[in-house]
Amino acid sequence: MKYIILFTSAFLLFGAPAAFAKDVYPSFTVKGFGTLGASGTDTDRLGFRRDIKQSAGVTNGWGFDNDSRLGLQLDVDINKSWHATAQWVARNNTGDFFEQNLDWFFLRWRLEDDLDIRVGRMGFDVFMLSEYRNVGYAYLWMRPPHEFYAGLPVYHFDGADIAKKYAIGEGILTIKAFGGYSFFQVPITNSSNSAAQGTTVAGGKLAYEYGNWNTRIGYTYVLTNNEFAALQPLLDTLNSAEVNAVWPGAQALVRQIATKNKIVHFSSIGLAYDDGLWLAQMEASYIDSDQLNYPSVASGYFSAGRRFGKVTLYSLFGISESLHNQIELSNPLIPVPAIVELRNAVAQLPNSSRVDEKSVSLGLRWDVTEHIDLKTQWSHYWLGNNGAALWLTPAAGLTPDTVNVWSVGLDFVF
Amino acid sequence: MPSAQAELVVIAHFKNSIVGLTAKQVQDLFLGRERTFPNGKFALPIDQSSPLRAEFYEKLTGRPVEQINAYWARIMFTGQASPPQQLPDDKAVLQTVRENEGAIGYIDKTRVDNTVRVLLLLN
């Protein structure tokens, strides 16, 4: 991977002087996008965030951080069949500011008109919007549907993909396969530290575009390569001889709790319609997981909207429900208070990552100019018992079971 | 500024052997879904940065230009393809189409002359 980056950098930096006419290579283009957004809620007990990679959320105090961002993209046409792209997005995220925000950095080889191979860093193409969640201008809502996208901390991976397009009937079928490695950092609940995660990813999609319709079916396999740092102290305790002397089943739990070598399967289906006046979109997914701190979850959303000139009104319904991940626990031989407490902590573990969330949103997008839109959105969330894993929860105390979130934003491309 | 009722023509090099294109075929070329003409030859779509652009896409696709821009934002920022190069006006488009055998562009109908081939009329 390091060599690919060096190779691409060499091209970008020392390629040749910039040229502007078509047919003259290499040609350089700089483009960008951004959002200035503000949002607020009606509670101070839960922090609302776009996704679980964010370690800060908005409350009734409002904030600009969660939705605001600025992306820059450099494209280089090296010759007729080779192309390089780099995209970096400044945003409020957990982890290394430069490395984690570099979402695209690849070389593309167009072998023939309908066949592309890319090598380098690419967006994670797991659901319909997962590759361009940052580009607010490219979608209708204030942010991608929360129930569907907020649980996805992976934005990119390092590896390769191959995509082939076929003209079938009046439409175009795209078949894509990808594989590689993803390194990402996520916040640790109620701590200012982050945890590094390394995963092997492989997946594919079928997409068919026909007139006003767009459909997509996708599957992605994710294998976690390391132990989640925040769980390590617990795993060490459960492995210790002292604990096992009093609680013989303790060590056997390590295998259930550990994240290393656990597999997550993402399956999804999506459908979008847009005839210029009416638009609708829906997706459904099932994430099947062995990982106790990322329990299996079923999610879906449906959105419908109508354009009135430059203004589009929309509604959005979303749902996400974790499946009950029960952990099998034996009882300690002697009820030593410290061990009982440890047992309770283990029993609580699946609860802290459960999602039980539904929402309804109403919003408006106004295309002010050809490159700028203004959006506003109201969302009402229902959160079930132990179901707020997509939010930032306090260390102790009750949290509300309904929350209103109001947002305004300005998206632009240049 | 062209009037809202202007007629547009889609033009190509005079040596281009294509007799005409349908609106769907022109749309596929300008939206990057198709990269060659029906005869298999490489196509180089030329866009405009003038106010004629909004009118062209409105007439060609029935959609406002903001939707076309949102479409390209998705394609471009996911590293799939780049939108057609934009030239400032009819004059620059005519010039480029005259000079490139694969070029395909659009101009106001009143500006067309017999140095280029007309593939489609949009009104």
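Pop out a list of residues from the stretch A:299-330 that are at least 30 Å² less accessible with all the protein chains around than in their chain alone; 1.4 Å probe, no ligands or nucleic acids counted.
Flagged in the stretch A:299-330: A:307, A:310.
Tell me the Kirkwood hydrodynamic radius of the stretch B:8-122 in angstroms, computed as one over the mean inverse distance between distinct C-alpha pairs.
About 14.1 Å, per the Kirkwood formula over Cα pairs.
Taking chain A as a Gaussian network, where each spring joins two C-alpha atoms under 10 Å apart, which residue of A:119, A:360, A:243 fluctuates the most?
Comparing A:119, A:360, A:243 in the GNM, the peak value goes to A:243.
Grab the other residues whose beta carbon is less than 14 angstrom from that of residue A:296, score K and R as +1, D and E as -1, and report the net.
Combined, the nearby Lys, Arg, Asp and Glu give -2.
Provide the per residue accessible area, probe 1.4 Å, for chain B, rounded to a whole number of square angstrom.
43 Å²
Could you compute the net charge surrounding residue B:15? Neighbours are other residues with a C-beta less than 12 Å from the C-beta of residue B:15; K and R count +1, D and E count -1.
+1
Note down the net charge around residue A:387, summing +1 for each Lys or Arg and -1 for each Asp or Glu among other residues with Cβ under 12 Å from its Cβ.
Every neighbour counted, the sum reads -3.
Can you tell me the dipole magnitude for chain B around its Cα centre, using point charges on the Cβ only (Lys, Arg +1; Asp, Glu -1), in Debye to the nearest 20?
Charge dipole, chain B, about its Cα centre: 280 debye, nearest 20.
In Å, what Kirkwood hydrodynamic radius results for the stretch A:260-356 from the alpha-carbon pair distances?
16.8 Å
Tell me what chain A gives for mean residue ellipticity at 222 nm when only DSSP H runs of n ≥ 4 count, each as -39,500 (n - 2.57), the sum divided by the residue total, rounded to 500 deg cm²/dmol.
Roughly -4000 deg cm²/dmol at 222 nm, from the helical runs in chain A.
Express in Å², to the nearest 10, the accessible area of residue B:87 obtained by rolling a 1.4 Å probe over the protein heavy atoms while all chains stay in place.
It works out to around 30 Å².
Calculate the spin-label point distance for residue A:278 paired with residue A:306, positioning each point 7 Å from the Cα along the beta-carbon direction, and give it in nanometres.
0.9 nm
Along the Cα-to-Cβ line of residue B:23, 7 Å from the Cα, sits a label point; which residues in the stretch B:48-76 have backbone N less than 15 Å from it?
B:55-65
Mind checking the dipole of the protein assembly as shown: about its Cα centre, +1 per Lys or Arg Cβ, -1 per Asp or Glu Cβ, Debye to the nearest 20?
For this selection, approximately 680 debye.
What accessible surface, in Å², does a 1.4 Å probe find on residue A:191, ignoring ligands, DNA and RNA and rounding to the nearest 10?
50 Å²
Given a cut-off of 20 Å, name the pairs among A:31/A:53; A:165/A:205; A:31/B:91; A:205/A:358; A:80/A:165; A:176/B:41 whose C-alpha atoms lie farther apart than that in the structure shown.
In this structure, A:31/A:53; A:31/B:91; A:205/A:358; A:176/B:41 exceed 20 Å between Cα atoms.
Taking only protein heavy atoms into account and a 1.4 Å probe, give the accessible area per residue of the stretch A:147-216 in Å².
41 Å²
Give the separation of the Cα centroids, the stretch A:22-68 to the stretch A:251-287, in Å.
The distance from the Cα centre of the stretch A:22-68 to that of the stretch A:251-287 comes to 22 Å.
Grab the Cα-Cα distance for residue A:189 and residue A:298, subtract it from 0.36 nm times how many residues apart they are, and report the gain in nm with one decimal.
Taking residue A:189 through residue A:298 to full extension adds about 37.0 nm, to one decimal.
What angle do you read, to the nearest 10 degrees and between 0 and 90, between the alpha-carbon axis of helix A:337-352 and the longest principal axis of chain A?
Once rounded, the angle reads 30 degrees.
Suppose each label sits 7 Å from its Cα in the direction of the beta carbon; what would the residue A:404-residue A:239 distance come out to in nanometres?
5.1 nm
For residue B:109 paired with residue B:121, estimate the spin-label separation in nm (one decimal), with each label point 7 Å from Cα along the Cα-to-Cβ line.
0.5 nm
Can you pull the percent of chain A's accessible area that's carbon plus sulfur, 1.4 Å probe, other chains left in place?
For chain A, the apolar C and S fraction of the accessible surface comes to 63 percent.
Using a probe radius of 1.4 Å on protein heavy atoms only, what is the accessible area buried between chains A and B, both sides summed, to the nearest 100 Å²?
For chain A against chain B, roughly 2800 Å² becomes buried.
At 4 °C and a viscosity of 1.567 mPa s, what translational diffusion coefficient does Stokes-Einstein give for the protein assembly as shown, taking Rh as the Kirkwood radius over Cα pairs? Give it in µm²/s as a whole number.
It comes out at roughly 51 µm²/s.
At R0 = 35 Å, how high is the FRET efficiency between residue B:39 and residue A:82 if r is their beta carbon distance? Nearest 0.05 is fine.
0.85
Considering only protein heavy atoms and a probe of 1.4 Å, how much of the accessible area of the stretch B:8-122 is carbon and sulfur, as a whole percent?
52 percent
Just how much of residue B:109 is accessible, in Å², when a 1.4 Å probe is used and the result is rounded to the nearest 10?
The value for residue B:109 is about 90 Å².
Using DSSP to call loops (not H, G, I, E or B), can you name the GluC sites (Glu not before Pro) in the stretch B:17-123 whose Cβ has at most 16 other Cβ atoms within 10 angstrom?
B:101
Along the charge dipole of chain A, which of A:168, A:273, A:25 sits closest to the positive end, that is, farthest toward it, with unit charges on the beta carbon of Lys, Arg, Asp and Glu (+1, +1, -1, -1)?
Working it through, the farthest residue towards the positive pole turns out to be A:25.
The values are calculated or read from the model by the stated rules, or taken from the named source; none is laboratory data. Everything numeric in this text was worked out from a predicted model, so none of it was measured. Glycine gets a Cβ as well: all are built from the backbone with ideal geometry, and neighbour counts include every protein chain shown. These accessible areas exclude ligands, DNA and RNA; they are computed on the full protein's heavy atoms, side chains included. Shrake-Rupley method; radii C 1.70, N 1.55, O 1.52, S 1.80 Å.
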